[in-house]
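*Asks:* One structure is given below, represented as structure tokens, and several questions about it will come after.
The values are calculated or read from the model by the stated rules, or taken from the named source; none is laboratory data. All of these numbers come straight from a predicted model, not from anything done at the bench. With ideal geometry, Cβ positions are generated from the backbone for all residues, glycine too; neighbour counts draw on all protein chains shown.
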Amino acid sequence: MIEVLKPGLYTSVQDLGRFGHRNEGVPISGAMDQQAAIRANQLLGNNKNEAVLEITMMGPVLKFTTHSVIVLTGARFGAKLNDAEIAMNSPIKVQPNDVLTIGSASGGVRCYLAVKHGILTERVLGSRSWYGGITSSTVVRQGIVLPITPYEGRLARKEISEERELTTDKKIEVFKGPEFEHLTPAMQQMLLSSSFTISPQSNRMGYLLDAETALTAPEILTAPVQPGTVQLTPSGRLLVLMRDAQVTGGYARVLQLKASAIDALSQKRGGVTVAFKAIDFPSCILS
């Protein structure tokens with residue numbers, strides 16, 4: 001078991017998402033940075049869809065009541081096991097009464113804690129991902145206990161590719177959305193050549209982006225949306241839908257992020273500027 005001594009700023013259980021229920025209005029949810037979550041499980045030899053802890057900006061303090069192996073991936077956070085600092089992306093053994101203290105992010109936004117065989121919270125509609133109204137919890141609270149399987153086997157040594165750079169200023173790769181052609185040529189050019197500032201109000205449902213010059217939004221009827229859909233709101237702000245996004249929306253869908261671009265955006269903080277790079281649709285679906 002893992003006992004939560006301190007919960008951190010926003011710590012939740014996530015796997016790769018809840019699929020097959022969008023027709024019932026259920027969001028996909030899942031880890032915001034899926035590459036980092038998958039990497040954590042790979043380093044432990046887990047199935048890539050095992051549940052992990054997603055830790056945002058400031059981490060929790062956790063006490064282990066059993067043997068296991070753990071690893072941290074994603075954004076860089078300071079972390080100590082008892083009084084010893086531990087490295088990111090490096091599996092480490094824990095034993096009963098060990099205390100893991102995860103500090104604050106020094107770059108990026110989110111890190112992921114994986115344990116051998118995964119975190120075994122309740123599976124709801126095929127997923128362990130926490131989401132309000134679907135699961136009984138949305139974030140960890142002080143005093144709760146997270147079930148895990150005891151493990152005293154050998155330390156996993158998985159060879160996988162190097163961790164990607166999270167602080168890069170590369171543009172966010174997108175393809176044109178269903179309503180892109182409804183924009184005037186000038187608006188299309190502005191959308192793909194401007195820089196946008198991430199609002200501090202951004203969260204797991206969506207990232208709000210502000211531009212120096214507001215864009216003009218065409219009106220549409222309610223239509224399907226998904227994680228990565230970029231909506232142009234009546235105020236001229238962009239709303240990039242993230243993992244906890246709703247399943248339909250009434251704003252123009254001007255762009256769509258490729259899958260890895262959602263991961264990249266999820267590691268960018270409020271106040272950071274981003275820009276878009278349009279790519280061909282086949283390039284997006286193959287990556």
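*Asks:* Looking only at segment 58-68, decide whether some residue is of a type in the set (Gly, Ala, Ser), outside any loop (DSSP other than H, G, I, E, B) and in the same structural domain as GLN34 (by TED's automatic domain parsing).
*Replies:* Yes, there is a match, as at least one residue in segment 58-68 is of a type in the set (Gly, Ala, Ser), outside any loop (DSSP other than H, G, I, E, B) and in the same structural domain as GLN34 (by TED's automatic domain parsing).
*Asks:* Name every residue in segment 200-216 that is in a loop (DSSP other than H, G, I, E, B) and closer than 19 Å to LYS170 by Cα, in order of residue number.
*Replies:* ALA211, the sole residue that qualifies.
*Asks:* Restricting to segment 253-278, name every residue that is crowded, with 16+ Cβ neighbours inside 10 Å, farther than 23 Å from CYS111 by Cβ and not aliphatic (A, V, I, L, M).
*Replies:* Matches in segment 253-278: ARG253, GLN256, PHE276.
*Asks:* Still on this model: Please give the number of the condition ALA37 fails out of (1) modelled with pLDDT under 95; (2) buried (at least 22 other Cβ atoms within 10 Å of the Cβ).
*Replies:* Unmet condition: (1).
*Asks:* Now for a separate question. So which of THR73, THR135 ends up being modelled with pLDDT under 95 and either closer than 30 Å to GLU24 by Cβ or surrounded by 18 or more Cβ atoms within 10 Å (Cβ to Cβ) (or both)?
*Replies:* THR135
*Asks:* Could you tell me whether ALA40 is touching a residue at least 24 places away in the same chain (Cβ under 8 Å), closer than 27 Å to ARG154 by Cβ and part of a loop (DSSP other than H, G, I, E, B)?
*Replies:* no
*Asks:* Only one residue in LEU191, LEU265, LEU183, LEU257 is among the hydrophobic types (A, V, I, L, M, F, W, C), touching a helix residue (DSSP H, G or I) at 6+ places or on another chain (Cβ under 9 Å), within 19 Å of ALA31 (Cα to Cα) and touching a residue at least 60 places away in the same chain (Cβ under 8 Å), so which one is that?
*Replies:* Answer to the check: LEU257.
*Asks:* Same structure again: Looking only at segment 178-196, decide whether some residue is crowded, with 16+ Cβ neighbours inside 10 Å and within 22 Å of VAL109 (Cα to Cα).
*Replies:* Within segment 178-196 (the criterion being crowded, with 16+ Cβ neighbours inside 10 Å and within 22 Å of VAL109 (Cα to Cα)), the answer is yes, since at least one residue qualifies.
*Asks:* Return the only residue of GLY250, GLY206 being of a type in the set (Gly, Ala, Ser), buried (at least 16 other Cβ atoms within 10 Å of the Cβ) and not assigned by TED's automatic domain parsing to the domain that holds TYR131.
*Replies:* GLY206
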